[in-house]
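Only one structure is covered here, and it is reproduced in the block below.
Readers should treat all values here as calculations from the given coordinates under stated rules, not as data from a laboratory. Just so it is clear, the structure is predicted and the values come from calculations on it, not from any experiment. Here Cβ is always computed from backbone atoms with ideal geometry, including for glycine, and neighbour counts include all displayed protein chains.
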Amino acid sequence: MVNDGFIGFQIDIFTITLIMLLILFAISTILNVMQQRTKPVREKVNTYTVISCVNNDHEERREFVPGDYVGKVIANKSCPKCESELYIKTIYSEKIREKP
Amino acid sequence: MVELQFPQTPQAGTSTELFILFWIIINLIWFAMIFTDLFDRIRVSRWDRVIRSRLAQIEVMINEAKSNSEGYLKDLGINDPANVIRNFSSNFFLIEPVSIEPTDIIKRLGHLIRIRDERIRSFVDSILPSTVDKARRFNVAVVLEINWALNTVFRILRHLYLFGKKHNYWMLLMQLVMILPIIMKELEALKKAVDPFKLGIPIGDSAGPMVVSMFAPRDKRIPIVEETVYIEKEFEGRKIYLVKAEGPGGTVGRPGEAIEKLVESLNCDVSAIITVDAALKLEGEKSGEVAYGVGAAIGDPGPEKISIERTAAKCGVPLHAVVIKMSSEEAITHMTKEIYDGVAKAYDVVKDIITRSTKPGDKVIVAGIGNTVGVY
Ligand SMILES: [Zn+2]
């Protein structure tokens, strides 16, 4: 047997095939498990209410409170600039994707 | 260097035996590949595993939506919410009218949808205490319908899976594997839809009613047909009639019937009918984009749309359509800022259409189509 002096062990083609198959099997199993484990990305939703003056000279944004709806007149508050009625102009949400 | 020792060399006795074994196995595999369906079976069993895990995920999703809804119903004073949802989920179905005889089909379908809506309303009324307001009653109905939809889709998927397995219908299993990720995304969106309806927050589909509401945020709403209102308003010398579902509860109302009645009461003296609705965007398009076209922008099963078209055709009124584009998920979940920007843009487009295509003194109908949850 010829040995050129670098690595002193012999290996035959069946062993190589066997090792290769084992490695491939391990990889496919890991991939399978990983695929099943991918959890859906959690989403956090922040909802805001935009309050506006009927004369359009004032606008403010605050967190949504249950009971708010677009077009609702704010009962116990009036415009800091012109003392007119305030109403809810819009409600929109911001979706923030969170990685678990 | 690794030295390869090939079995042909005479000194490797064990290797020669191994080689023969190897060779036999390779040939067996080839034989199995060509003359048996062993590999198909292996593939099918892998699909089977994938489908089962996905169905389990869907079941988890349904249970999340259900427990979320149960909490809501409990807060509204229902004693046994789990039972209520179960009853509703398994007992409401609509048998579509005969379609091989098309005479009257729209009328029959409209009739059935109406009866169904009434049944749902009376069911909701029967379970809720009388202290709960109208808006919340509408929302409860939608929450129940979401649970019904999730359950129905799950039952159909489970049926297809079990049917495919029972009859060794591989094609069906393969199709399920392919389509399940898409269906799951839709169901995930449906699950998320419970939250906005619980709290009364506008969803993407509320874009149409929101545009109408911008014309008259606080004006008095006059009921015209069931769950639908209209508002009379002056706009740059024109008289505009705003039609929308009755807010701020979650309902779509009957805009088609309302427009028909309104045009009739105005003796066809209408210069334009403008419908504003949310529309599904194509993949690659931006959410909140506004498009303008001709026709009735409304996505109902048929009866409402046809009555808008018939009314417009009968009276020769131009039909304008303004749509705000969004994905199917955005349409049923919380309205995002991009879509709200689209709403503001659509409001300008509608104003532009009114000023450009009508004269002062004309009468114009603007209908905001869609679910009016969270919009008065
Ligand atoms: Zn002010």
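A few remarks follow.
- For a paramagnetic label modelled on B:E64 (point 7 Å from Cα along Cα→Cβ), amide N atoms under 17 Å away belong, within region B:195-232, to B:195-198.
- For chain B, excluding the exposed loop sites themselves (trypsin sites (Lys or Arg not before Pro), DSSP loop, at most 12 other Cβ atoms within 10 Å), the longest remaining stretch covers B:1-219.
- DSSP beta bridge pairing in chain B, given as percent antiparallel to the nearest 5: 50 percent
- Computed helical MRE - 222 nm, the protein assembly as shown, DSSP H runs ≥ 4 contributing -39500 (n - 2.57), nearest 500: -17000 deg cm²/dmol
- Measuring between their Cα centroids, region B:356-376 and region B:264-304 lie 11 Å from each other.
- For region B:38-199, lysine pairs separated by 8 or more sequence positions, or belonging to different chains, with Cα-Cα distances below 22 Å total 11.
- Spatial offset of region A:41-100 relative to region B:16-57 amounts to 60 Å, using the alpha carbon center of each.
- Legend: calculated FRET efficiency, B:N83 to B:S122, from the Cβ-Cβ distance at R0 = 25 Å, rounded to 0.05, equals 0.90.
- Cross-link reach is defined here as a Cα-Cα straight distance under 15 Å, omitting same-chain residues fewer than 8 places apart; for B:K261 the aspartates and glutamates meeting it are B:E226, B:E227, B:E232, B:D269, B:E304, B:E309.
- Of the chymotrypsin sites (Phe, Trp or Tyr not before Pro) found in region B:17-121, the ones in coil according to DSSP and having at most 12 other Cβ atoms within 10 Å of their Cβ are B:F93.
- When the listed pairs B:K286/B:K337; B:K233/B:K325; A:K95/B:K325 are checked against a 21 Å cut-off, the alpha-carbon distance exceeds it for B:K233/B:K325.
- In this Cβ point-charge picture (+1 for Lys and Arg, -1 for Asp and Glu), the protein assembly as shown has a dipole of about 680 debye about its Cα centre.
- Distance between modelled label sites at B:E101 and B:E234, nm, 7 Å Cα→Cβ extension: 5.5 nm
- Placing one equal scatterer on every Cα of chain B and applying the Debye formula, the log10 ratio I(q)/I(0) at q = 0.07, 0.15 Å⁻¹ is -0.44, -1.34.
- Beta bridge orientation in the protein assembly as shown: antiparallel %, DSSP, nearest 5: 60 percent
- Extension gain (nm, one decimal) between B:S90 and B:L28, 0.36 nm per residue minus Cα-Cα: 17.2 nm
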